[in-house]
Every structure is written in C-alpha cells, then in structure tokens.
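Quick note: the coordinates plus some simple rules give every number you see, no bench work behind them. Keep in mind that what you see is a predicted model, and the values were worked out from it rather than measured. Neighbour counts are summed over all protein chains in view; Cβ atoms, including those assigned to glycine, are modelled from backbone coordinates with ideal geometry.
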Amino acid sequence: MENKKPVDPTSFDYPRFKEDMVKTHTILIPNMLTIHMDLFEQVLLQQGYKVEIMHNEGPNVVTEGLKYVHNDTCYPALLVIGQFIDNLNHRDDLDKVVLLITQTGGGCRASNYLHLLRKALIQAGYGYIPVVSLNMSNLEKDSGFKYTPKLVFKLVAALTYGDELMYLRNKCQTYEINKGDTKALTDKWIKKLSDDLKNGHGTSYRDIKKNLNQMAIDFDNLELDLSHKKPKVGIVGEIYIKYAALGNNHLEDFLVSQDAEVMVPGLYGFMLYCFYNNIYDYEIYGKNKKMARISKLILWYIKRRETLMRKSMQNTKFTPMNYFSYTKDLSDGVLDHGTKMGEGWLLTAEMMELIEEGYENIICAQPFGCLPNHICGKGVMKKIKSIHKDANIVAIDYDPSATKVNQENRIKLMLAIAKERIKEDDKVEL
Ligand code: SF4
C-alpha cells in the first residue's frame, strides 16, 4: 500500500497525539457497548474532539489480528488490533487519524495492549499513526488527550444513561408485542441524549434525574406480553467479550432470537470494581493511601447516580438494579476480593447477583488466552452450583478458530434445560 510508511522498530520515539491535532485528526475508537459508545462519542465531540467509533467486522478483522498479534495473545487484543488495522487498510485519510485504546492499568495483560498495538502498527506500515491510551492509571503523561474534570463528569453522565438504557432495553425486548418497539424507543432515547450531550446539556444532577425518570416511564409504557415466563439468561465474562458483539459473535441478538430474556451487568460495576480495588489494596497491603481516598470519594459520588437510577424505577414494573456496594459482597465465601486480575472477584459476584435476580441461566464468555477469567469464571462454577442448586451455567470459549455454530449449539443445550424448568404458572418478573 502506497500510504504505508516504514518506521524503525527499534525506535522508542513513538508518534504522539499533540494538542494541535485535536481539531485536525479523527480519533478512531473500537466499539464495545453500542449504546454507551454512541453517548461517549457525543461527549467527546462536544469537547472539541473529532471521533469515529469503528463498526467494521467480518473475517478480515481476525485475519489482520492474526497477522500482527502473536496467536497466544488474549483474543480481545487480537480483535481490537485487527479491527484497527482493517479499518486503516480502507481509509484514505491516514495522515489525519489517531487510535484510542482503553486500558485498566492493572496487573493484567490489558496494560500491555498499547505496546502490542504500536508494535503491530509498525509491522503493518502504520507506525507513524499516534495512539492514545485512555486509562485511569496515568499510564501516558504526554498525550494531547486531556482528562479534564469536566470531561470526566460528562462521561459519567453518559455512562449512567447508557447503563439504565441497556438495562431497560434488556428487560423489555423479549416481551414486546409489536416487534421493533423496544429498539425504536432505545434509538429515540439515544438520539435525545446525544442531542443533549452534543449541546452541552444533560449532565447536571437535575438533568440526569429528569431524564432517567422519563426513560423508566417510557419503557414502562411499552406494550409487553407478560403472560408467559421466558428463560432468563445472564451474560458475564471478560469485559470485551462480554459486551462487544464483535467479540461474542452477537451473543445478545442470538439469545433474543431464541426467545430468552437477556441481562448483561452494567459498565458501572467494572468501573467501581477498579476503584474499590484501590481501597482494598490500601487496607490490606498498605498501598497508595491517596488513591484509596480518591477512590472512596468516587464510590460515594457514583452511589448518588446509582440512587437516581434505582429511584427512577420505583413506580414502574421494573426491579431496580442493585447498588455496587451490595453486589460486591456477594462473592464473599466464594472468592476473596484479593483476586483482582482481569474481572477478578467481580465476575463471581455478578454470577451470584444474576442468580439472586432470577437469571440462574448464565453464559460465562471466556476469551482465548485469558487465565484470570478462567479462574474467576470456570474455576468457581462448582462452588456456585453448590450454593445455588438451580444454577445453569455454561462457559463458552471465544477464539479465532471457534465456530459460531459450535458456540450456539452449546448455548441451545443450556437453553433447553432452562426452558424445561419453566412451569406453566410461573409469573414474569421484570
Ligand atoms: S482479562 Fe483476560 S483477556 Fe483481558 S487482558 Fe487479562 S488475560 Fe487478557
């Protein structure tokens, strides 16, 4: 390709995203959660960034990933890097793009994705393209991408909307009487919130409260057929594979097509898990006291948003989601909070929570190369089943060679058991 330029791989002077590029360069972002990403995009646009969420899929993504990432690397890394390179292969504005990658900054391999991506870009001839790391651990200090308090507050507002919208959509879509109603209402809300965020509105406490209340009322008014109970299926697993349709072969769509009610825990859980771990690290190991204090403050701040979400549903037919402070304790007796590589104890806590909420059928989405999630997912299933006898959990592996048919057949077996267990007079509880 004539647009590709060789870069010395031994050079550590990687290209930076500088402040003067903010207005001229488009930031490419991998798609993980459709609703949330649409809202985050508007926040970034409002802050003056040019942004594009990548939606390219298909075999080329895996092929490019396999070409430039070692095949024993985690599958999410392979997919994200493959998606970037496939996207670049089809662009003609290569001198005006920047790639953005999110990192947790924890002990897991996700903290190395940035370097894997840079290495892959050099090999693919795109080493001159800057990469931005979006992380909560200050991993990149010289980036033109600025984490201002204003930006963070706005992203938190978008996250609150995204979690509630995803929750309500999941509650309704399987029971809708008029096909497409739930999607249309979800899209209507994405549009309304996007317009608000793009124009700098919708982020104050009052606005969030008003929007969440109206959102819950709108979904409560959808026409649903609640005469027959359907299998309730929860999805847990490694964060990318759990949420990204590209990673899990459109798992949510498949489950809905099989007449199942799907529940995917919100993104707040993972974010709060990361902050809670800072507090745990200080209390148990005497680590960073300042970070523990900041994390406590953030947990308090987010709890106020959680309260708004819960209250918005109090006069509707929907069971409100639990507080993080409640969910976190559910892993007690199964897995200690010291287990925090990858999704760590949160994965276990989410399985326990889903079972408590009636989603006793669980798919644990496990990517190839992910040891932490095999331990906190597959590794605790026996123990969970000994506590909850009705738990119907299946671990599904996702890797470049796994076939969709094979994955779906295993899920169908799990659903067959779930359907058998439903009794004629079982009531639907949303
Ligand atoms: S959680 Fe698993 S898939 Fe994600 S970086 Fe860690 S090892 Fe890799």
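Could you compute the longest span of the chain free of GluC sites (Glu not before Pro) located in DSSP loops and having at most 11 other Cβ atoms within 10 Å, not counting the site residues?
Longest site-free region, per DSSP loop and neighbour criteria: 3-222.
What is the fewest-to-most order of 93, 196 by other Cβ atoms lying within 10 Å of their Cβ?
Taking fewest neighbouring Cβ atoms as first place, the list is 93, 196.
With +1 on each Lys and Arg Cβ and -1 on each Asp and Glu Cβ, and nothing else charged, work out how big the dipole of the chain is about its Cα centre, in Debye to the nearest 20.
It comes to approximately 1140 debye.
If each residue's Cβ is checked for other Cβ atoms within 10 Å, how do 271, 166 rank with the fewest at the top?
Ordered by Cβ neighbours within 10 Å, fewest first: 271, 166.
How would segment 278-363 be classified by its alpha-carbon gyration tensor: rounded, prolate or oblate, with rounded meaning a/c under 1.5 and the a/b versus b/c comparison settling the rest?
oblate
Where does each of 153, 275, 324, 219 land when they are ranked from fewest to most other beta-carbon atoms within 10 angstrom? Please report the intermediate quantities before stating the final value.
Working: 153 14, 275 19, 324 23, 219 26.
So the residues, fewest neighbours to most, are 153, 275, 324, 219.
Tally Lys/Arg at +1 and Asp/Glu at -1 over every other residue whose Cβ is under 14 Å from the Cβ of residue 22; what's the total?
So the surrounding residues net to +4.
Among the listed pairs 340/378; 154/198; 50/150; 303/427; 18/119; 183/419, which have their C-alpha atoms separated by more than 22 angstrom in this model?
303/427; 183/419
Tally Lys/Arg at +1 and Asp/Glu at -1 over every other residue whose Cβ is under 10 Å from the Cβ of residue 273; what's the total?
Surrounding charge for residue 273 is 0.
How large, in Å, is the chain by the Kirkwood hydrodynamic radius built from its alpha-carbon pairs?
22.6
Trypsin sites (Lys or Arg not before Pro), restricted to segment 148-241: which are DSSP loop and have at most 13 other Cβ atoms within 10 Å?
Those that pass, being in a loop and sparsely packed, are 179.
Residue 53 to residue 95: FRET efficiency via 1/(1 + (r/R0)^6), r the Cβ-Cβ distance, R0 25 Å, to the nearest 0.05?
Once the sixth-power term is evaluated, E becomes 0.75.
For a test of the definition: using alpha carbon positions, the gyration tensor, and the 1.5 limit on a/c, classify segment 242-394 as rounded, prolate or oblate. Write down the numbers at each step before the final one.
On the way: a/c = 1.71, a/b = 1.24, b/c = 1.38.
Since a/c reaches 1.5 but b/c is at least a/b, the shape of segment 242-394 is classed as oblate.
Under the classification rounded if a/c is under 1.5, otherwise prolate if a/b is larger than b/c and oblate if not, where does segment 19-144 fall, given a ≥ b ≥ c as square roots of the Cα gyration tensor eigenvalues? Walk me through the intermediate numbers first.
Details: a/c = 1.39, a/b = 1.22, b/c = 1.14.
Judged from the Cα gyration tensor, segment 19-144 comes out rounded (a/c under 1.5).
Provide the gained length on full extension for the span residue 326 to residue 390, in nm with one decimal, where the gain is 0.36 nm per separating residue minus the Cα-Cα distance.
20.9 nm
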